[in-house]
Amino acid sequence: MDYFVHPTAIVDTQDIGKGTKIWAFCHIMDGVSIGDSCNIGDNTFMESGVAVGSNVTIKNGNMLWEGVTLEDGVFVGPGVFFTNDRHPRSPRLPEASHRYQDHSWLSPTLVKQGAAIGAGAVILPGITVGEFATIGAGAVVTKDVRPCAVVAGNPARQKGWVCRCGLPLTFAGGCSRCHCGRKYSLQNETVQIV
Amino acid sequence: MDYFVHPTAIVDTQDIGKGTKIWAFCHIMDGVSIGDSCNIGDNTFMESGVAVGSNVTIKNGNMLWEGVTLEDGVFVGPGVFFTNDRHPRSPRLPEASHRYQDHSWLSPTLVKQGAAIGAGAVILPGITVGEFATIGAGAVVTKDVRPCAVVAGNPARQKGWVCRCGLPLTFAGGCSRCHCGRKYSLQNETVQIV
Amino acid sequence: MDYFVHPTAIVDTQDIGKGTKIWAFCHIMDGVSIGDSCNIGDNTFMESGVAVGSNVTIKNGNMLWEGVTLEDGVFVGPGVFFTNDRHPRSPRLPEASHRYQDHSWLSPTLVKQGAAIGAGAVILPGITVGEFATIGAGAVVTKDVRPCAVVAGNPARQKGWVCRCGLPLTFAGGCSRCHCGRKYSLQNETVQIV
């Protein structure tokens, strides 16, 4: 075993990559896959069917439900709320139990490489967060987020753009250069590295 | 004992119904009552005085404080925030300790049968959530919610109506028929099954 | 040892004052300091570098990161979201790792004496919450909060003023008297006790 599991954590999968660390009071179910060199904070829960790439940082208190996929290099801040049911009801409620006979109620979530999600943000069911986007803390995301976009608020609105490194981008004449040296063009609401 | 308690959970009450399951790292205090066939996710805390009906689904990371009552068939999404103090202060603060000599600071919460509360929603003190209502993920609920209403936003506003089964209802001429077969009338902002 | 630690809690610091209680499934790292007579609810995490005063009440499910300071008598409701990075990225992401070579990414949070933060509120990086202020449940705080101010919403806006005891203040002619007997003046958006 070339990954670390804190003695208080419950880890039922063995599909975990090299160098990954899983901290106190986590509960990772069977049928979860996690890549290399991830850091998974205290009190994080992952349900069967979750897939996490490599170099992912998951802060404490996260709950990843069936249908959630995090690509490489994603950051999940503390206590982010993922969801997977557009029309929630207790499956034990007689008036609703017929809706939970199969998995047609499930809407997946995809967070693409390098994106970051701020503390306590809520991701509604069926959302894709684009590559290197940033979701502000406390945002309630109700529609897909463009690559390199920054969104915030409830419901979340786009507030600007960010570099792959995470710093804000300011465009003048359709061009921007980050402190880190990367250059971008902006055309038709699409940012591209140049 | 005809209910299940995960070995890592701390359960101090015995007032728990048949078939109920209490999962990892939960802490259920003495003086809590829980009905039959409930499912209570990891990391859930219930304080003395909480009452939970039957067929209730409580997802992970919930905290139910004194004064919270959940009727039969309720769904509580992950990490919902219940509250019970309109004017919070540390009871240990000398300037405020006189306000915590008795329980006059406590405002209760009632979630009526079949209602569903989305992930990370906040329920302000003193609120009643009507039968079969749905609270959107991330909503901040500042006033009572009508039966079968859907609310969302911060502060939460009514966005529409839902069937007892959880699916959205569209009214034409004061009438609506759900895919599940139930029929409703809408009059004076009140939905009734017909 | 004149403080209490629940047997399931992990406490790596000894810098804890007399009469403080630390409840189930907490994780308090080395390098944290906590004053006297505090109450720290279940599932609370504190990272190295956190400083907590005396008479502080921290409800369940809180996560206090490096850079967070709570002065005496503060109330932290359930599941408050503190933050410390304005431009979050996974430090393991190759495109961003250079930004995490030193601590220049860190923006601290200061909550001054007697303030109260409602359930599920989000405190953006770099914020100071003034003495005896109240943050409403579910608020997303994006700028500093004045002493004795009440803020709510996303983003949080000022809604009024509160007494040191936590009750709302109504000003007439620049003066207000609380039920608790304290008197205040309001001038230039500043409340002072008189």
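Am I reading the B/C interface right? What is its buried accessible area, both sides, 1.4 Å probe, to the nearest 100 Å²?
Summing both chains' loss of accessible area gives about 2500 Å².
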* Asked: Using a Gaussian network for chain A with springs between C-alpha atoms less than 10 Å apart, which of these wobbles most: A:Cys180, A:Cys163, A:Cys38?
  -> A:Cys180
* **Relative contact order for the range A:12-143, counting Cα pairs under 8 Å that sit 6 or more residues apart, in percent** => 17 percent
* To do: Take the alpha-carbon centre of the range C:71-149, take the same for the range B:101-122, and report the distance between them in whole Å.
  => 26 Å
* Structure fact -> Taking placed amide H atoms and a strict 5 Å upper bound, the residues 5 or more places from A:Ile117 or on another chain that come that close are A:Phe75, A:Val76, A:Gly77, A:Ile135
* Asked: Once phi is turned into θ = phi - 60°, what whole-Hz ³J(HN,Hα) does the Karplus curve with 6.51, -1.76 and 1.60 give for every residue of the range A:93-110, x standing for Gly and Pro?
  -> 6, x, 5, 10, 4, 4, 6, 10, 6, 10, 9, 5, 6, 8, 10, x, 10, 10
* Top mean-square fluctuation among B:His87, B:His98, B:His27, Gaussian network model of chain B, C-alpha springs under 10 Å? -> B:His98
* Structure fact -> Computed over all unlike Cα pairs, the Kirkwood hydrodynamic radius of the range C:142-194 in Å stands at 11.5 Å
* Along Cα-to-Cβ, 7 Å out, sits the label point; list in nm, shortest first, how far the one on A:Gly160 is from those in the other copies. => 3.5, 3.5
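Out of the total accessible area of the protein assembly as shown (probe 1.4 Å, heavy atoms of protein only), what percent is carbon and sulfur?
Working: 10970 of 22870 Å².
The C+S portion of the solvent-accessible surface of the protein assembly as shown is 48 percent.
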* May I ask you to list the lysines whose Cα is less than 23 Å away from that of A:Lys143, ignoring any residue fewer than eight positions away on the same chain? => A:Lys112, A:Lys159, B:Lys159
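Translational diffusion coefficient, Stokes-Einstein: compute it for the range B:47-148 using the Kirkwood radius over C-alpha pairs as Rh, at 10 °C and 1.306 mPa s, and state it as an integer in µm² s⁻¹.
Values: Rh = 13.9 Å.
Calculated translational D: 114 µm²/s.
Could you work out the mean projected area of the convex hull around the alpha carbons of the range A:1-92, in square nanometres to one decimal?
Working: hull surface 23.3 nm².
Computed as one quarter of the Cα hull surface, the answer is 5.8 nm².
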* Axis-nearest residue of B (beta carbon) for the B-onto-A rotation, whole Å -> B:Asn154, 3
* Where only protein heavy atoms count, and the probe is 1.4 Å, what is the accessible area per residue for the protein assembly as shown in Å²? -> 39 Å²
* Between rounded, prolate and oblate, where does the protein assembly as shown land on the alpha carbon gyration tensor, with a ≥ b ≥ c its root eigenvalues, rounded for a/c under 1.5, else prolate if a/b exceeds b/c? -> rounded
* Which whole number gives the average count of other chain Cβ atoms within 10 Å of the Cβ atoms across peptide B:43-50? -> 3
* **C:Arg157 long-range amide H proximity, modeled H, under 5 Å** => C:Ala152
* **Residue-averaged beta-carbon neighbours from other chains (10 angstrom radius) around C:116-128** => 6
* Cα pair distances in chain A, grouped into 10 Å bins until the bin that holds the longest one, percent each -> 10, 34, 31, 19, 6, 1
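The values are calculated or read from the model by the stated rules, or taken from the named source; none is laboratory data. As the structure is a computational prediction, the values presented were derived from the model and not from experiment. With ideal geometry, Cβ positions are generated from the backbone for all residues, glycine too; neighbour counts draw on all protein chains shown. Side chains included, ligands, DNA and RNA excluded: accessible areas come from the protein's heavy atoms. Shrake-Rupley method; radii C 1.70, N 1.55, O 1.52, S 1.80 Å.
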